[in-house]
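The values are calculated or read from the model by the stated rules, or taken from the named source; none is laboratory data. All figures in this text were calculated on a predicted structure; none of them were measured in a lab. Here Cβ is always computed from backbone atoms with ideal geometry, including for glycine, and neighbour counts include all displayed protein chains. What goes into the accessible areas is simple: the full protein's heavy atoms, side chains included, and nothing from ligands, DNA or RNA. Shrake-Rupley method; radii C 1.70, N 1.55, O 1.52, S 1.80 Å.
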There are 2 protein chains.
Amino acid sequence: MVNETQHTCSASSSSRSDGGSSSGSESSKDNSRCSTPVLDADRHERLRDKMRRRQDAGDKWFSLEFFPPRTANAAVNLISRFDRMGAGGPLFIDVTWHPAGDPGSDKETSSMIIANTAVNYCGLETILHMTCCNQTKDDITGHLQKAKRLGLKNIMALRGDPAGEEWEEEVDGFNYAVDLVKHIRNEFDDYFDICVAGYPKGHPEAESYEADLRHLKEKVFAGADFIITQLFFRPETFLKFMMDCQAIGITCPIIPGIFPIQGYHSLRQLVKLSKLEVPQEIKDVIEPIKDNDAAIRNYGVELAVSMCRELLDSGMVHGLHFYTLNREVATTEVLKRLGIWKEDPRRPLPWAVSAHPKRRVEDVRPIFWASRPKSYIYRTQEWDDFPNGRWGNSSSPAFGELKDYYLFYLKSKSPREELLKMWGEELTCEESVFEVFTCYITGEPNRNGYKVTCMPWNDDPLATETNLLKDQLEKVNRRGILTINSQPNINGKPSTDPIVGWGPSGGYVFQKAYLEFFTSSEIVTALLKVLKKYELRVNYHIVNVKGQNITNAPDLQPNAVTWGIFPGREIIQPTVVDPVSFLSWKDEAFALWIEQWAKLYEEESPSRMIIQYIHDNYYLVNLVDNDFPLENCLWQVVEDTFELLN
Amino acid sequence: MVNETQHTCSASSSSRSDGGSSSGSESSKDNSRCSTPVLDADRHERLRDKMRRRQDAGDKWFSLEFFPPRTANAAVNLISRFDRMGAGGPLFIDVTWHPAGDPGSDKETSSMIIANTAVNYCGLETILHMTCCNQTKDDITGHLQKAKRLGLKNIMALRGDPAGEEWEEEVDGFNYAVDLVKHIRNEFDDYFDICVAGYPKGHPEAESYEADLRHLKEKVFAGADFIITQLFFRPETFLKFMMDCQAIGITCPIIPGIFPIQGYHSLRQLVKLSKLEVPQEIKDVIEPIKDNDAAIRNYGVELAVSMCRELLDSGMVHGLHFYTLNREVATTEVLKRLGIWKEDPRRPLPWAVSAHPKRRVEDVRPIFWASRPKSYIYRTQEWDDFPNGRWGNSSSPAFGELKDYYLFYLKSKSPREELLKMWGEELTCEESVFEVFTCYITGEPNRNGYKVTCMPWNDDPLATETNLLKDQLEKVNRRGILTINSQPNINGKPSTDPIVGWGPSGGYVFQKAYLEFFTSSEIVTALLKVLKKYELRVNYHIVNVKGQNITNAPDLQPNAVTWGIFPGREIIQPTVVDPVSFLSWKDEAFALWIEQWAKLYEEESPSRMIIQYIHDNYYLVNLVDNDFPLENCLWQVVEDTFELLN
């Protein structure tokens, strides 16, 4: 919205038809009884209600603006930036709309698809920008329908830049942002939360500051829920603007847009586009250091922190909106220094919750996708119902095929060359594969001096929780028990525990010990003999790529392996070992050997044949120790197996 | 079936159309995924499958036969006998059919209604007898439809006695039991399990023993699932019969009917009806002691035990069917001495599960009806869905009105005179009511020397579990906190614990401490002040008869207060404190003051006015301590309240 052009005519203002009550079918209030009790408000409220609740509670919050990337690789990076910056707890992010970049298309770089990924795969409350000038009503409606279908719930309604120099109003077209606001309310009732742009210095094309304020009021009265402002350089600019807005009857939230200066050139470009003037006192500092990027960034951070402090201290500002320019460091630092970057690692559930409205009741997932949540979301995106409370309710979980392992949001962040360095340019035997697994666990460099920071089944370094099991994991991987997922048993730790905690405070969380690995048929034979001794205590599923399936689990019943007890709530059991889903996971887990690893090598090469051999002959095993109050016996099971083999 | 008359003609045998597979919609196999994991088989299998499973597992079992009572009072007593004898673990009970007694009617003494009560309110697998002679097809079909509607799943198909001496076959009518078997299979496919009668000595009206065996084979081939035999006096009679059956190709289970001799006259009457001959060796013992009831019963028990032992030791018998004559002592003693009376007090769930097929998934209930489960079942009998896994799923629990507090299966077992002795012929003040509550808790006699063994909210003496809280309960009741429901907190006891255990073995059970009571508005005012200190730990609901409702619970969300973790299963949370249901319970709980207590006294009498005053002015309070791993704080809450009042 940095370069949005403001309308200049005065349309008659119309107030919101439904007076702001939640009448849409996606409203959080359509059921008086909420059956998903985890940090409910954050999952179930619409954005404007979250904003209001935070304001009422005196909480300060922030939001982050991004633009769509130019290349598919940049998209992969942006998504992992979403994941990292999402951890700091933004109230929402927004994705800008560039008419020239085919923003409503299905391309991985389109605004629509980036926003879709943020909502569904990163679980972020997201506002999609949309401009209306030079577009037909049908186009706009089509974009909005698509956004709704994808689970997007918030639109930033903008006019956008006219296509040519000689722009003229179209009689029945969209000439101003207010037309778009009205159109959204007419066609979609109260489904979307609508945001509009405010200009603390007045829009550069407006006749006057006062006229621009009147235009803003029209947009709000046409149905906008809140306002985000253009950037500004002095806090008093914003505070005056806000008081002027209030004076003419604008009562909705007004969120200041903060632009931490990150470099000389980006500042110059921005100023040119937004037709703003940089105050002399800032120029005086910047000009002398214009070639020193670090110095400028440090100054930018200082300046932003002090301006934000002044805004927050005024008592009139509750949230801050950051123009990130798709960069991480400066904004994160400002937020940390302001103390509003969320340092509390607590999660509503042990896995990242998708923000699609359809998934709002989802509170159980099979443990298998713990390290591949985006793949899980992808494969279940067509489900109409999500398990709520118990897995069995989602009668027959039909998982979508995962054919495209190269979808940008499922793809490894590391390029082929890097993967080869980590996983071996040349494999000589199965043991070289064992080594890769072991290095991933220990964090030690491999024999060529490279650290193994990801695996085909896990694109991130080992989870903190898994670190608790590190020593044992190292020992077993060395010997060919190739672990891809595990959790320790937990017997009632506080829900606020920094490592294993999740859910509302005042609760207790529990886990059954879990271990999942690939291993040879020789080891499986010995393991099965050992498991006889543990028949009543350990549940197992052992399957090979052809689907041969050995288990002692009661018929097709899921086993809850993570659960929590909270004040005034029903029990939550967010992770289960589900025998039926395991067979879908098995296909994916085996395919990853080939898709992510074998294909790094030439066909017919020895390296490729080793991976192919493992894929064809190894078994995928999962073990659950049901006796969660006792010491985890799974290590003993593995130890006994090795002993039997000797 | 003691006096059933056997058919004498030979109908062509027809084998079962569907070869015994479970095709009915009520079959336990229609869902490959069972979502109610508690002792599943016992809840979900049909009777013939349970029988087969027990036989395969080498378990011995027993069943019990009852006849419908003559009076409403006798019905009340029979139902409480069902509850007591049900605790011993019969595989099923059966209820005989007496054409003269209007057996298919809605009278509380009809076979149909007694069987309905056994299934739905006592949770017993039940076989309803049905005779066919002298009845139209429409009548029979009507009875069967009604049985199905009520949730009955098993029919004992009998001919019954012809109405007059001069009985003749009707051309298109039901002349023999085999006709009824065929009719059931034709009209109801595989819905019912069908049992037929076998005669170890041959039916008295049969041409010969061999002819009778052939008739039996016809009944089995027409679709019967198993056979229960007429009584006999010598084990070898049964064993020969069984081998003869097998020799002619009868392969279904054959269950010996055992008649423990309980008295001289009942034996004589039985012998007359069944046209059996009592062996001389038995006559020789009985005749000399015929006036000594106790001696005869002792002998009968001895005889039955030794015969049953011989049958079980033969290896051919897996289950024993007892003709109880609606009496408890002799049969119970035989079963205990045989070691097949279930001494294991473990339950599938903390509450008694109804045996209606519609309720097979039910595994959550509000705690409020813990002592009035039959009232809960009655008020939810019209529900189409039962909560499965979480309470919230049963969207809006519309409880039926409990208008008739005098339904025979909801009625107090004690007559008015006895209740007056327990609860006071004359009340002088509120404190005399406190005393009644206190005596019920302590088990001490009241001031007139009578023990208080039941209360309007609880027809049985204090539960073993509640006994753990006895001292504290006594103290608070004395001071006007009139408790009607409570449970201690439990932090992971084995599911096999004799007092608080439930569910499959190998699991762990948990509870949050719960306390529910009536109390004065003065105490409530102090309590509310005290509860402020416990705001985050204790959830409360406080309501008066007019519906004024004070709570700190998150909007309408249920609080799980009992749950269990089991090997290879999802979490089970069978009891919740549900704020919505509490308002339905409140109406019932307040009404019981009037219906069961106030109405014992004359209108306008001081006693009645005291109860009426409590009803009109007291509050019903429930408290949950969410911190189940810590010491129960609810006693401290009450203590603090009393302190504040002083």
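Selection of region A:262-285 for residues being open to solvent by 60 Å² or more (accessible area, probe 1.4 Å), out of contact with any helix residue (DSSP H, G or I) (no Cβ under 9 Å at 6 or more places or on another chain) and not in a helix (DSSP H, G or I) yields only A:275. For region B:420-466, a residue qualifies if it is open to solvent by 70 Å² or more (accessible area, probe 1.4 Å) and polar (S, T, N, Q), and the qualifying residues are B:428, B:448, B:464. Checking region A:175-183 against the condition returns a match, with at least one residue being more than 22 Å from residue A:49 (Cβ to Cβ) and in a loop (DSSP other than H, G, I, E, B). Among the residues of region B:92-122, those identified as surrounded by fewer than 23 Cβ atoms within 10 Å (Cβ to Cβ) and not charged (D, E, K, R) are B:98, B:99, B:100, B:101, B:104, B:105, B:109, B:110, B:113.
Condition first: assigned by the TED database to the domain that holds residue A:246, surrounded by 16 or more Cβ atoms within 10 Å (Cβ to Cβ) and in a loop (DSSP other than H, G, I, E, B). Can you find one or more residues in region A:308-317 that meet it? Checked region A:308-317: at least one residue is assigned by the TED database to the domain that holds residue A:246, surrounded by 16 or more Cβ atoms within 10 Å (Cβ to Cβ) and in a loop (DSSP other than H, G, I, E, B). Can you tell me how many residues within region A:491-503 are open to solvent by 20 Å² or more (accessible area, probe 1.4 Å) and either more than 11 Å from chain B (Cβ to nearest Cβ) or within 20 Å of residue A:627 (Cβ to Cβ) (or both)? Final tally of qualifying residues: 7. Just wondering, is there one or more residues in region B:619-627 that are under 30 Å from residue A:538 (Cα atoms) and not basic (Lys, Arg)? Looking through region B:619-627, at least one residue is under 30 Å from residue A:538 (Cα atoms) and not basic (Lys, Arg).
Within the bounds of region A:476-490, is there any residue that is farther than 20 Å from residue A:619 by Cβ, within 14 Å of chain B (Cβ to nearest Cβ) and either open to solvent by less than 30 Å² (accessible area, probe 1.4 Å) or free of Cβ contacts under 8 Å to residues at least 60 places away in the same chain (or both)? Checked region A:476-490: at least one residue is farther than 20 Å from residue A:619 by Cβ, within 14 Å of chain B (Cβ to nearest Cβ) and either open to solvent by less than 30 Å² (accessible area, probe 1.4 Å) or free of Cβ contacts under 8 Å to residues at least 60 places away in the same chain (or both).
Checked against (1) assigned to a helix (DSSP H, G or I); (2) crowded, with 18+ Cβ neighbours inside 10 Å; (3) touching a strand residue (DSSP E or B) at 6+ places or on another chain (Cβ under 9 Å), residue B:229 passes all but condition (1). Taking the condition surrounded by 23 or more Cβ atoms within 10 Å (Cβ to Cβ), in a strand (DSSP E or B) and within 10 Å of chain A (Cβ to nearest Cβ), does residue B:517 pass? No; evaluated as a whole, the condition is false for this residue.
With respect to the conditions (1) outside any helix (DSSP H, G or I); (2) within 14 Å of chain B (Cβ to nearest Cβ); (3) open to solvent by less than 10 Å² (accessible area, probe 1.4 Å), residue A:506 falls short on a single one, namely (3).
Given the conditions (1) open to solvent by less than 10 Å² (accessible area, probe 1.4 Å); (2) closer than 30 Å to residue A:141 by Cα; (3) touching a residue at least 40 places away in the same chain (Cβ under 8 Å), report the number of the one that residue A:183 does not fulfil. For residue A:183, the failing item is (1).
Results for (1) open to solvent by less than 10 Å² (accessible area, probe 1.4 Å); (2) within 9 Å of another protein chain (Cβ to nearest Cβ), shown as yes or no for each residue.
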position	(1), (2)
B:521	no, no
B:526	yes, no
B:553	no, yes
B:574	yes, no
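Looking only at residues of region A:286-307 that are outside any helix (DSSP H, G or I) and of a type in the set (D, E, K, R), we find that the one that is nearest to residue A:228 (Cα to Cα) is A:290.
Yes or no, residue by residue, for (1) within 12 Å of another protein chain (Cβ to nearest Cβ); (2) within 34 Å of the chain's Cα centre (by Cα); (3) under 22 Å from residue B:372 (Cβ atoms); (4) in a strand (DSSP E or B):
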{"site": "B:542", "(1), (2), (3), (4)": "no, yes, yes, yes"}
{"site": "B:567", "(1), (2), (3), (4)": "yes, yes, no, no"}
{"site": "B:584", "(1), (2), (3), (4)": "no, yes, yes, no"}
{"site": "B:587", "(1), (2), (3), (4)": "no, yes, yes, no"}
{"site": "B:592", "(1), (2), (3), (4)": "no, yes, yes, no"}
{"site": "B:597", "(1), (2), (3), (4)": "no, yes, yes, no"}
{"site": "B:611", "(1), (2), (3), (4)": "no, yes, yes, no"}
{"site": "B:621", "(1), (2), (3), (4)": "no, yes, yes, yes"}
{"site": "B:628", "(1), (2), (3), (4)": "yes, yes, no, no"}
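The rows are residues; the columns are (1) in the same structural domain as residue A:242 (by the TED database); (2) in contact with an Asp or Glu (Cβ under 9 Å, 6 or more places away or on another chain); (3) open to solvent by 40 Å² or more (accessible area, probe 1.4 Å).
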{"residue": "A:175", "(1), (2), (3)": "yes, yes, no"}
{"residue": "A:187", "(1), (2), (3)": "yes, no, yes"}
{"residue": "A:197", "(1), (2), (3)": "yes, yes, no"}
{"residue": "A:201", "(1), (2), (3)": "yes, yes, yes"}
{"residue": "A:210", "(1), (2), (3)": "yes, yes, yes"}
{"residue": "A:216", "(1), (2), (3)": "yes, no, no"}
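Quick check: is even one residue across region B:632-643 part of a strand (DSSP E or B), in contact (Cβ under 8 Å) with a residue 60 or more places away in the chain, assigned by the TED database to the domain that holds residue B:471 and more than 21 Å from residue B:525 (Cα to Cα)? No, there is no match, as no residue in region B:632-643 is part of a strand (DSSP E or B), in contact (Cβ under 8 Å) with a residue 60 or more places away in the chain, assigned by the TED database to the domain that holds residue B:471 and more than 21 Å from residue B:525 (Cα to Cα).
Selection of strands (runs of 3 or more DSSP E) fully inside region A:50-139 by the criterion of at least 3 residues being of a type outside the set (A, V, I, L, M) returns A:61-66, A:126-131.
Against the conditions (1) at pLDDT 95 or above; (2) in a helix (DSSP H, G or I), residue A:320 satisfies every one except (2). Residues of region B:344-358 include at least one that is within 21 Å of residue B:503 (Cα to Cα), part of a helix (DSSP H, G or I) and not polar (S, T, N, Q).
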